[in-house]
């Protein structure tokens, strides 16, 4: 039951990640605040789902549930508890899941504490973060698509910089004043 719960939570996190990667970006392009706000709620829910999945994998290792292939390959019943817990991220699947957990944690932190960010910038950040997390869920993320994540992040930075309103040091439009320069 625990492995199925973890698998279901991970599939739900992937679905939430795909929603988070598309909807806020569309909202930022259309200047729709409701679509941009979806990024924050899906980032929080994605973090919760990935955390449930990671905890389910830890429980499978601790209880020596050998019906899970990664537990069967990387653990045994006589292993001390500390080694069982650390073997979770010692395997390929566990380390990938840990990286996705860390990415979703930072997405949730942006969603919770990024209140001072402009809404469009926050939507772009959460959208790109979710794309990277979804790429990490691919079978061999470290080998095939690691460079694609860097390219997507660079393109998002260039896209964000192309809008002058989102720049921190961008000059504000001058208000009409009766005084002329030099007076």
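What follows draws every value from the coordinates through simple rules; no lab data is involved. Computed from a predicted structure; not experimentally measured. Methodologically, a virtual Cβ is constructed for each residue, glycine included, from the backbone with ideal geometry; neighbour enumeration extends over all protein chains shown.
In a fully extended conformation the segment linking residue 155 and residue 112 would gain 13.0 nm over its present Cα-Cα distance, using 0.36 nm per residue. Summarising the label geometry, the points placed 7 Å from Cα in the beta-carbon direction at residue 22 and residue 105 lie 3.0 nm from one another. In this simple spin-label model, placing a label point 7 Å from the Cα along the Cα-to-Cβ direction at both residue 32 and residue 73 gives a separation of 4.2 nm. Determine, from the Cβ-Cβ distance of residue 85 and residue 41 and an R0 of 25 Å, the FRET efficiency 1/(1 + (r/R0)^6), rounded to the nearest 0.05. That gives a FRET efficiency of 0.20.
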